[in-house]
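> This is the structure I have questions about; it appears just below.
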Amino acid sequence: MASQPLSVAVIFQNPTYGPAPESAQPALAWLETHHRSFGHFIAGRWTPPDPQRQFETVNPANGQPLARVTQADAEEVKAAVAAAREAFTAWSQTPGHVRARYLYAMARQIQKHARLFAVLESLDNGKPIRETRDLDIPLAARHFYHHAGWAQLMDSALAGYAPLGVVGQIIPWNFPLLMLAWKIAPALAMGNTVVLKPAEWTPLTALRFAELCQAIGLPPGVVNIITGDGQVGQMLVNHPDVDKIAFTGSTEVGRAIRIATAGSGKRLSLELGGKSPFIVFDDADLDGAIEGVVDAIWFNQGQVCCAGSRLLVHEGIAQRFHDRLRARMEKLRVGDPLDKAVDMGAIIAPPQLQKITRLVEQGKAEGAQIWQPSWACPSEGYFYPPTLFTNVAPAATIAQEEIFGPVLVSMTFRTPAEAVALANNTRYGLAASVWSEDINLALEVARKLKAGVVWINATNLFDAASGFGGYRESGFGREGGVEGLYEYVKPACSPVHRAPAPAYAARPAQPSNGLDRTAKQYIGGKQVRPDSGYSRIVYNPHGNPIGEVAEGNRKDIRNAVEAARAAAPAWGEQTAHARAQVLYYIAENLSARRAEFAARLVQQTACSMREAEGEVDAAIDRLFTFAAWADKYDGAVHQTPFRAMTMTLNEPLGVIGVICPDEAPLLAAVTLMSAAIGMGNAIVLVPSQAHPLSATDLYQVLDTSDLPAGVVNIVTGARDALAKVLAEHADVDAIWYFGSAEGSAMVERASAHNLKRTWVNNGQPRDWRALSACDQQELLRQATQVKNIWVPYGI
Ligand code: NAI
């Protein structure tokens, strides 16, 4: 029998995909112009490749080498940093408009060569051309356009701020050109120069970008690109002439960088791992949610820091949802990344494939149920099929560890409260996705999620106008949006430094039985005796004893943190207006006791009565300032190019450990306290070690000012010992430390454990009476973390 003629009807009944290949030729031809061999891009020139130190970059879709790149040695890293340093003076003084034109030219060049960049990225990384063409490359261009605007506006919109200097930037392999854009665009816009190290597996688009910098005539040294592995990253991190490190990658390496930079005075921003929840309520548009899951976890083969890798489904619809999801997975197409009809490409490299395989095996061993489509992946190259795990326990390894592959784990919940608890049950806090047609429910849940980005009825939306970055162990700092600019600037008028306060008369703490005169600890709204049973004598600058305070220890800090943690949620959810009222009330009560507090300052610091009264007045003023800011330091609706309200909220961090300096013992404590609690945090405050009595006198003021118990806790004692306990405490979200240089280093190092945010003074005293607009903004920024909630709309 003759075969049926091909007709539209036949095709319609049995549609199959034909190949839709994109040619690799233009990208390969470009590689040939470099003889498939690269040195580094330093001071506007290519260094000669050293064959002894070269390694291959490979196409993950077929395992074939694409080119050879050079492992930088110490001399090359030095040369790159020196080039950036040399270029910095002129670049930072280049008018914003001129910098804007360079950034604009970069954006235009990326657009002009978009297809070459897209093909090169797909070849080097293994991700589908559909993604590089439609997302990575256009978004990279968008970042340069957006930040060209910020360069233009810096003088007016960021008046009072200056660039940091030389920035070392280390990026991962999952979005090579896009991460480059996220790093380089804001750094250059704000007048910094950069040394960027792409990931060893994906250096090619960064090297093509270097060529683009040459093409537009960017001054030599403004952008330097060096290649190599983690050792090169380490050399960059440890280089003494680097002012800031911006890193995106694994939490492990982020932690190592936090430790390596501790005490160096280098600024740091970390964009780390995640285990982001994808929450589906029973009233969600299920078709939309299924497509959402596809974008959340199978986008870039799941090698996405904010991948929605934990599916949380309302119990009542779980069976139906899983069935539909399996049907959809069966239809996904895995294959040649340069095929335009392919959904998923290759995994980056064998070690990553092994990691995925190992974790999947562990998931099975721990009792979860695995499902994979019936079809097989290509045998050539490093492919892994889309995978769904159901029946997963919340504590299972696969529910807690970042797999960084196309593996989705699913759990169920019954109530919104349970969904939030499950969603937050991770050490990470990068992103989350919430699906419900009930906007009240979705926004309520979004507020309660510990995540830097929340997408409602959407997922993986990114834009240069909106900040991206994490809570908790997903890191700190933001990329994109106005919030991202502050990672690359410092106040131009750095805090006015002055001579250190008279040195604390270091005498050993003496056992004391003068209990009636000893100021106790203030924990959970109560005055409590110290666990140690010891007190410490407070001396005046002449070395005479003037009083005693409790000698706090580890246990007291633990109790104080517990009290603060208990108080934080309700205080954070208070209206800003209500928090302001409390601050005004504290100011009123302090004002009523002005003479007493002034006398105490004279007694402790031997300052004049005039100076002391000035400090009390300034403290009252400070309370008014942060009461005023409480309901004014608000967010924004970012102008992202989507039909979405992208709402930026300044949320409290939670629990902050506040270690006060010896200078201005009342004013500094009140300044830090009012900024922190005004923005909704609960604090554990360690007063000046030398002059703690002003802070302990505050108990009575706080007690009579309607401050809820536990919002402010005060533990006196040896500053650095208490700071260390706070820095190491897993339930403290941030540390502010104003003490010695060694103490600052210790706090930064010790806080690496849970990657808490730190703000330290590196041993530099400041004049607390002067509080410029920039200083106020800095305090408010330190007291908050930015959450962006995306709510698409449309009927
Ligand atoms: P990685 O964190 O080791 O590498 C990221 C970048 O840091 C690369 O440029 C690398 O050369 C550099 N680097 C490595 N060690 C360094 C060090 N000690 N000092 C300075 N720079 C250093 O990530 P890797 O090995 O590529 O992937 C391991 C795991 O990390 C993945 O399985 C995934 O779970 C996670 N990851 C997360 C990313 C994210 O965006 N959150 C991105 C890449 C990986």
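The values are calculated or read from the model by the stated rules, or taken from the named source; none is laboratory data. The structure displayed is predicted, hence computed values, not measured ones. Glycine also receives a Cβ, built like all others from the backbone with ideal geometry; neighbour counts cover every protein chain displayed. All accessible areas refer to the heavy atoms of the entire protein, side chains included, with ligands and DNA or RNA removed. Shrake-Rupley method; radii C 1.70, N 1.55, O 1.52, S 1.80 Å.
> The conditions are (1) without any contact (Cβ under 8 Å) to a residue 24 or more places away in the chain; (2) buried (at least 24 other Cβ atoms within 10 Å of the Cβ), and Ala675 fails exactly one of them. Which is it?
(1)
> Does Leu286 satisfy being aliphatic (A, V, I, L, M), more than 14 Å from the ligand (Cβ to nearest atom) and either modelled with pLDDT of 95 or more or touching a Leu at 6+ places or on another chain (Cβ under 9 Å) (or both)? Before the answer, list the steps.
Working: aliphatic (A, V, I, L, M): yes; more than 14 Å from the ligand (Cβ to nearest atom): yes; either modelled with pLDDT of 95 or more or touching a Leu at 6+ places or on another chain (Cβ under 9 Å) (or both): yes.
In short, yes.
> Just wondering, is there one or more residues in segment 149-161 that are open to solvent by less than 30 Å² (accessible area, probe 1.4 Å), modelled with pLDDT of 95 or more and within 16 Å of the ligand (Cβ to nearest atom)?
No, that holds for no residue.
> For Ala501, state whether it is at pLDDT 95 or above and either closer than 20 Å to Thr696 by Cβ or under 17 Å from the mean Cα position of the chain (by Cα) (or both).
No.
> Take the residues in segment 623-647 that are in contact (Cβ under 8 Å) with a residue 60 or more places away in the chain and more than 14 Å from Leu461 (Cβ to Cβ), then tell me which one is most open to solvent (accessible area, probe 1.4 Å).
Looking at residues that are in contact (Cβ under 8 Å) with a residue 60 or more places away in the chain and more than 14 Å from Leu461 (Cβ to Cβ), I get Trp629.
> Which numbered condition trips up Ala210, out of (1) assigned to a strand (DSSP E or B); (2) away from the ligand (no atom under 14 Å from the Cβ); (3) open to solvent by less than 10 Å² (accessible area, probe 1.4 Å)?
Ala210 satisfies all of (1) assigned to a strand (DSSP E or B); (2) away from the ligand (no atom under 14 Å from the Cβ); (3) open to solvent by less than 10 Å² (accessible area, probe 1.4 Å) except (1).
Okay, residues lined up against (1) part of a loop (DSSP other than H, G, I, E, B); (2) open to solvent by 70 Å² or more (accessible area, probe 1.4 Å); (3) closer than 19 Å to Glu211 by Cβ:
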| residue | (1), (2), (3) |
| --- | --- |
| Phe12 | no, yes, no |
| Tyr17 | yes, yes, no |
| Glu32 | no, yes, yes |
| Ala61 | yes, no, no |
| Ala72 | yes, no, yes |
| Lys78 | no, yes, no |
| Val81 | no, no, no |
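> Sort out which residues of segment 124-133 are of a type in the set (D, E, K, R) and closer than 12 Å to Phe299 by Cα, and write them in order of number.
Passing the criteria: Lys127, Arg130, Glu131.
> Also: Taking Gly363 and the conditions (1) within 13 Å of the ligand (Cβ to nearest atom); (2) in a helix (DSSP H, G or I); (3) open to solvent by less than 10 Å² (accessible area, probe 1.4 Å), which numbered condition does it fall short on, given that it satisfies the others?
Here Gly363 clears every test but (1).
> Mind listing just one residue for me: the one in segment 372-393 that is open to solvent by less than 60 Å² (accessible area, probe 1.4 Å), within 27 Å of Val445 (Cα to Cα) and not in a strand (DSSP E or B) and, of those, nearest to the ligand (Cβ to nearest atom)?
For segment 372-393, the residue satisfying everything is Val392.
> Spot the failing condition for Thr415; the list is (1) surrounded by fewer than 23 Cβ atoms within 10 Å (Cβ to Cβ); (2) within 30 Å of Val342 (Cβ to Cβ), and only one is missed.
(2)
> Sort through Leu123, Leu188 and tell me the only one that's among the aliphatic types (A, V, I, L, M) and closer than 20 Å to Pro337 by Cβ.
Of the residues listed, the single one that is among the aliphatic types (A, V, I, L, M) and closer than 20 Å to Pro337 by Cβ is Leu123.
> Just the residues that are within 24 Å of Pro220 (Cβ to Cβ) and more than 32 Å from the chain's Cα centre (by Cα), please, taken from segment 40-53.
Within segment 40-53, Arg45, Trp46, Thr47, Pro48, Pro49, Asp50, Arg53 qualify.
> From the list Ala745, Ala750, pick out the single residue that is within 21 Å of Asn559 (Cβ to Cβ), open to solvent by 10 Å² or more (accessible area, probe 1.4 Å) and within 24 Å of the chain's Cα centre (by Cα).
Exactly one residue qualifies, and that residue is Ala750.
> Report yes if Asp283 is assigned to a loop (DSSP other than H, G, I, E, B), open to solvent by 10 Å² or more (accessible area, probe 1.4 Å), under 30 Å from Ile398 (Cβ atoms) and not basic (Lys, Arg), otherwise no. Give the steps one after another, and end with the answer.
Numbers: assigned to a loop (DSSP other than H, G, I, E, B): yes; open to solvent by 10 Å² or more (accessible area, probe 1.4 Å): yes; under 30 Å from Ile398 (Cβ atoms): yes; not basic (Lys, Arg): yes.
Judged against the criteria, Asp283 is a match.
> What are the residue pairs meeting all of these: first residue in segment 376-389, first residue without any contact (Cβ under 8 Å) to a residue 40 or more places away in the chain and within 17 Å of Ala296 (Cβ to Cβ), second residue open to solvent by 40 Å² or more (accessible area, probe 1.4 Å) and assigned to a strand (DSSP E or B), Cβ atoms under 8 Å, and 6 or more apart or on different chains?
Thr387/Ile370; Thr387/Trp371; Phe389/Gln369; Phe389/Ile370; Phe389/Trp371
> Just to confirm my filter: which strands (runs of 3 or more DSSP E) fall fully inside segment 672-781 and include at least 3 residues that are closer than 30 Å to Glu487 by Cβ and in contact with a Leu (Cβ under 7 Å, 6 or more places away or on another chain)?
It comes to 734-737.
> Which one of the conditions (1) at pLDDT below 95; (2) of a type in the set (A, V, I, L, M, F, W, C); (3) more than 37 Å from the chain's Cα centre (by Cα); (4) open to solvent by less than 40 Å² (accessible area, probe 1.4 Å) does Val549 fail to meet, given that it meets all the rest?
With (1) at pLDDT below 95; (2) of a type in the set (A, V, I, L, M, F, W, C); (3) more than 37 Å from the chain's Cα centre (by Cα); (4) open to solvent by less than 40 Å² (accessible area, probe 1.4 Å) applied to Val549, the lone miss is (1).
> Where the second residue is open to solvent by less than 60 Å² (accessible area, probe 1.4 Å) and of a type in the set (S, T, N, Q) and the first is without any contact (Cβ under 8 Å) to a residue 60 or more places away in the chain and lies in segment 538-559, which pairs have Cβ atoms under 7 Å and are six or more apart or on separate chains?
Glu548/Ser512; Glu548/Thr518; Glu548/Ser535
> Restricting segment 162-200 to residues that are more than 21 Å from the chain's Cα centre (by Cα) and open to solvent by less than 30 Å² (accessible area, probe 1.4 Å), which is farthest from Ile348 (Cα to Cα)?
Step one: of segment 162-200, the residues more than 21 Å from the chain's Cα centre (by Cα) are 162, 191, 193, 200.
Next, only the ones that are open to solvent by less than 30 Å² (accessible area, probe 1.4 Å) stay: 162, 191, 193.
Numbers: Ala162: 39, Gly191: 34, Thr193: 30 Å.
Taking the candidates together, the pick is Ala162.
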